[in-house]
Every structure is written in C-alpha cells, then in structure tokens.
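Since the structure comes first, as structure tokens, the remarks are kept for the end.
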Amino acid sequence: MITIIEFTPLELLQGSLTLGFVVISTFLGLLIMIKYRKIKLKVLLFVGISWILLMSPYWPDAINFIMGLSIGELLNHQTYFFLANGLIPIVHVTWLFAFTELLYKNKQRLIVLIFTIEAIMFEIFFLYFLFTIPEQIGTQMAPFYVEWTDFIVFYLLFSIIVFLATGLLFAGKSIRSENEEVRLKGKFLLIAFVSFAIGTFIDAIGGLTEITLVLARTFVTIGAIMFYIGFILPRFVKNVFIREE
C-alpha cells in the first residue's frame with residue numbers, strides 16, 4: 001500500500017505553485033520551438049531550448065510534489081541537486097548563442113567560446129562535488145528547500161545577472177527600433193527579463209514564507225508569458241496594441 005507524503009500547508013503551496021509554473025513555462029518554451037519549425041528561424045530554436053532549461057532549477061520541486069502525492073517518495077539528493085543546477089551551464093551557451101544571433105553577431109564566436117569554457121569549468125567542479133562531497137553543493141532541509149552553499153548561490157546570481165543584462169540589451173535595442181512591431185516586442189521582453197530576474201532573485205535569497213513564494217512564482221510566471229509574447233507576438237496581442245491603418 002502506497003502512503004503519500006503529508007506536506008505542510010506551506011509545502012503544498014510551494015509544490016502546487018511550482019508545478020503550475022513549470023508546466024506553463026515548458027509549454028511556452030515548446031511553442032517557441034514549434035514556431036521555429038514553421039518559419040525556420042534558428043534563433044527561436046535556441047531561445048525555446050534556453051527558456052525550458054532555464055526553468056530546470058524548479059523541476060525537482062515539481063517532481064517531488066508529484067512523487068510525494070502519488071507514490072510517497074522523493075528524489076534522492078544527488079538527482080535533486082543535478083536537476084536544480086546541472087543544466088544551468090547549458091543555458092549559458094544556448095542563450096548566448098541566441099543573443100549573439102540577434103546582437104553582436106560579429107563577436108558571436110568569441111562570446112559563445114568564453115561562456116562555453118565557463119560552463120565546462122562549472123560543470124566539472126559541480127559534478128566532482130556532486131559525486132564526492134555533495135555537502136559542498138547544499139543541504140536538503142525539506143522536500144522543497146535546500147540550503148545551497150556559496151558556490152551554488154554565486155553561480156545562480158551570476159546566471160541571473162547574465163540573463164538580465166543580455167536581455168535588457170536586446171530589449172533596449174528592440175525598443176529603439178523604427179519598426180512598431182519590433183518596439184512592441186521589446187517592451188514585452190523588457191517586462192519579461194525584469195520580472196524573471198526579480199522572481200528568481202527572491203527565490204535565491206528570500207526567506208521561505210507564503211508571501212515570498214507567491215511573489216516569486218508570480219513574477220517568474222509573468223516573465224514566462226511576457227517572454228513568449230516578446231519573441232512570438234501572437235496575432236491577437238499585436239491587434240490589441242497595433243492598429244492597422
């Protein structure tokens with residue numbers, strides 16, 4: 001007989017909000033990738049992959065929530081740690097490739113090379129600690145809560161800064177465009193990058209309370225929706241903001 005895990009009210013809130021966010025974000029990322037198949041714009045493929053993998057720190061909480069309620073088990077610490085952090089370096093490479101397809105194309109090789117080296121270095125240290133001294137990565141205090149070490153917190157904050165800085169550069173460039181549709185996309189992307197950065201920052205350093213959970217998940221969910229609109233600009237959104245002559 002399977003005994004499900006009895007989560008606390010706070011854990012139920014965190015698990016359900018995180019699961020909802022992961023489902024929405026993954027769906028939107030897949031829509032961006034499907035758009036690539038239709039118009040064959042390579043950058044959309046890398047943008048979609050980047051967005052889905054950028055959500056990977058939230059995957060283990062969503063999986064733990066489902067497992068806890070269905071089979072009464074949780075991910076082991078190593079699997080949890082890997083899903084939460086091990087895919088972030090890949091995002092650095094895929095996102096910077098997408099970014100330099102749109103801006104700084106002439107410096108693409110150098111920028112992608114630098115972040116590829118950085119990603120490999122982090123992955124080597126991370127995997128070494130993961131399989132030898134997992135305490136150097138973090139300590140799991142509850143099904144959805146880990147006290148990450150400075151090594152991980154620094155890398156997560158670095159990742160947020162990279163994503164926010166490049167996003168602001170791209171959004172700013174779009175907003176200054178003479179094309180009204182591109183300017184509109186830029187405004188949505190500006191909201192997306194700022195919202196996502198605020199949400200992940202709250203997650204990274206904020207205390208675990210109902211208020212911080214709701215705020216963090218609200219910001220990142222808004223970021224996901226704005227990110228999708230900013231890159232795809234569905235027709236119904238375009239019709240609302242841009243009046244045809």
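Read-outs throughout are calculated quantities, based only on the coordinates presented, and are distinct from any laboratory measurement. Computed from a predicted structure; not experimentally measured. Positions of Cβ are backbone-derived with ideal geometry, glycine not excepted, and every protein chain shown enters the neighbour counts.
See the values below:
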quantity: Tally, over region 61-90, of residues that are buried (at least 20 other Cβ atoms within 10 Å of the Cβ), within 13 Å of the chain's Cα centre (by Cα) and not polar (S, T, N, Q); calculated: 3
quantity: Matching residues in region 1-46 - criterion: being polar (S, T, N, Q) and free of Cβ contacts under 8 Å to residues at least 40 places away in the same chain; calculated: Thr8, Thr26
quantity: Criterion: aliphatic (A, V, I, L, M) and closer than 16 Å to Ala224 by Cα - qualifying residue of Val153, Val194, Val162, Val182; calculated: Val194
quantity: Subset of region 194-220 that is hydroxyl-bearing (Ser, Thr, Tyr) and crowded, with 20+ Cβ neighbours inside 10 Å - its residue that is farthest from the chain's Cα centre (by Cα); calculated: Ser195
quantity: Residue among Leu127, Leu169, Leu184 that alone is in contact with a helix residue (DSSP H, G or I) (Cβ under 6 Å, 6 or more places away or on another chain) and either on the phi < 0 side of the Ramachandran plot or buried (at least 20 other Cβ atoms within 10 Å of the Cβ) (or both); calculated: Leu184
quantity: Conditions (1) in a helix (DSSP H, G or I); (2) polar (S, T, N, Q); (3) surrounded by fewer than 14 Cβ atoms within 10 Å (Cβ to Cβ): number failed by Thr139; calculated: (1)
